[in-house]
C-alpha cells in the first residue's frame, strides 16, 4: 500500500499496543476524534471497534509494533477488511516532539500515530498479507537467537570451570567443546580423575557412541591423557565441580540439539517462500542468513534504491563535518543490526567465490584492513541483492552476465 492509496481512507485508527491492553485513537479525515479509549488485547473488543468504525467509511488501522504484542490486532483488523500499516518507533518518537506536552502516555502516543497516518502517510510502512512466512520466520529466528545466546553462555561458563580445576585439560577440550563426542565425555566423566580412571579405550568408546563418524577419537584420547598427566595436584572444589561440569555439558548438548531442530524448521519455512531460490543462489547465503535477510526485508519493495537498503542495514559511512574544522567519514554504527550481521556473515562466507575474493583483494591492496574491506564487499553485494529481489532473478557471476 503506497501513500497514494491513503487518499480514500475515511477513518485513521491508531493502536498504541500493549501486553494487556491497547490504547485506541481514531481520527476522521478532518482531524476530529471519534474514539479515544483503552481496549483489552483480545479479539472481541478489537473486532467490535473495527466494525463500528467501518460504518463511517474505509478504515486504516496503524500500529507501532506489527509483530509480537501487535500481531493479534493486525490479524483481526485484516480479517475485518481494514487496511493495515505501521509507524516505525523512531518516526513516532520524532513526531511526538512536535506535539504539545512533555508527558509520555499511551493516549498521547496513540494520537501521535493517528495524526501521522492522517497527515504524513509517506512515513507509514505497509504490512502485506503474504508476509505470514516472514512473521513465522521472525518468531523462529528469535527463538534461535535465544538458544544461541544460551549456548554461548553455557560453553563460556563450562570452559571457565574447566580452567579453574584443570587448565591443561581445558586447553584440549575447550576449543572442541561443542563437538558431541566431547560433550558426551564431560557428561559421563565430569572430572579429570574420572577421565583418568576411565582409560583410553573407555573414552574412545564413549566418543564413538556419540559421534560414530569421528576419525580422530584415538588422537583426542591421547591428547586428553597427556593433559591429565601434566597436573598431579587436585584443586580445591574439584569434587563439587564434577557434578556442575556434567550438568552443564548436558545442558549445552540439549541446547545445541534444539538449534539443529530449529534449523530444519527454518529451512522448511525458507523453502516455502518464492524468494528462497533467489536468496540462496547468492554465494555465501545459507539457510540461516537467507532466512534472516528474508525476515528483515522481504522482497525489498519497501526500499526505493539499493542505497536506501544499505542505509537501513547500517552499511553506509557516517559523515562528520562542522564548518571547515572537522571533516571526514566514520564507520557505520547504526542500522538494523540483525540484518547487518547476516549480510556481513554472508559476505565473509562468499570469499571462497572468485568474484568476491577478487573484490576483497582489491580493497586490501588499497591498504584497507580486513573489516573495512569486508564492509566494502558487503555494500557491493547489497546492490546485487537488491536487483535480484527487485527482478526476482537468480544470482549470475559477472562472466555469465556478459556472455
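Taken together, the values in this text are just the output of simple stated rules run on the coordinates, not laboratory data. Small disclaimer: the values here were computed from a predicted structure and weren't measured. Note that we place each Cβ from the backbone using ideal geometry, even for glycine, and neighbour counts take in every protein chain shown.
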Give the relative contact order (percent, whole number) for the chain; include only Cα pairs under 8 Å separated by 6+ residues.
12 percent
Nitroxide proxy distance, nm - points 7 Å out along Cα→Cβ at residue 171 and residue 205
3.1 nm
For the chain, the longest principal axis of the Cα atoms and the Cα long axis of helix 337-349 enclose an angle in degrees, to the nearest 10, of 50 degrees
Sorted on mean Cβ neighbours within 10 Å (highest first), peptides 272-281, 338-347, 363-372 come out as 338-347, 272-281, 363-372
Distance in Å, no decimals, from the C-alpha centre of the stretch 382-396 to the one of the stretch 202-257 is 47 Å
Nitroxide proxy distance, nm - points 7 Å out along Cα→Cβ at residue 384 and residue 8:
4.2 nm
Per 5 angstrom bin, beginning at 0 and ending with the bin that holds the maximum distance, the Cα pairs of the stretch 138-179 fall in percents of 5, 24, 23, 17, 11, 9, 7, 3, 1
Report, to two decimal places, the Cα Rg of the stretch 138-267 normalised by 2.2 N^0.38 Å (N = number of residues).
1.10
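Given the rule -39500 (n - 2.57) for each run of at least 4 DSSP H residues, summed and divided by the residues of the chain, what is its mean residue ellipticity at 222 nm, to the nearest 500 deg cm²/dmol?
Only helices count here, giving -18500 deg cm²/dmol.
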For 145, 30, 115, ascending order of other Cβ atoms within 10 Å (fewest first) is 30, 145, 115
For the stretch 1-89, what are the per-bin percents of Cα-Cα distances with bins 10 Å wide, up to the bin holding the maximum?
18, 58, 23, 1
Intensity falloff of the stretch 100-174 expressed as log10 I(q)/I(0), Debye formula with alpha-carbon point scatterers, at q = 0.11, 0.13 Å⁻¹:
-0.64, -0.71
Give the angle, between 0 and 90 degrees and rounded to the nearest 10, that separates the Cα long axis of helix 43-54 from the longest principal axis of the Cα atoms of the chain.
30 degrees
Between residue 394 and residue 214, what length in nm is gained on full extension when 0.36 nm per residue of separation is reduced by their alpha carbon distance?
61.1 nm
What ranking do 94, 248 get, fewest neighbouring Cβ atoms within 10 angstrom at the top?
94, 248
Using Cβ contacts closer than 10 Å as the measure, can you line up 348, 303, 12, 50 from fewest to most?
348, 303, 50, 12
Relative contact order for the stretch 3-127, counting Cα pairs under 8 Å that sit 6 or more residues apart, in percent:
30 percent
Length-normalised contact order of the stretch 138-267 in % [C-alpha pairs under 8 Å, at least 6 apart]:
41 percent
If you stretched the chain out fully between residue 145 and residue 234, how much longer would it get, using 0.36 nm times the residue separation minus the C-alpha to C-alpha distance?
28.3 nm
At residue 358 and residue 193, where each label point lies 7 Å from the Cα along Cα→Cβ, what is the point-to-point distance in nanometres?
6.4 nm
Beyond 42 Å, what share of the Cα-Cα pairs of the chain is found? Please give it as a whole percent.
35 percent
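Just the number, please: percent antiparallel of the DSSP beta bridges in the chain, rounded to the nearest 5.
65 percent
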Taking r as the C-beta separation of residue 68 and residue 369 and R0 as 41 Å, the FRET efficiency to the nearest 0.05 is 0.60
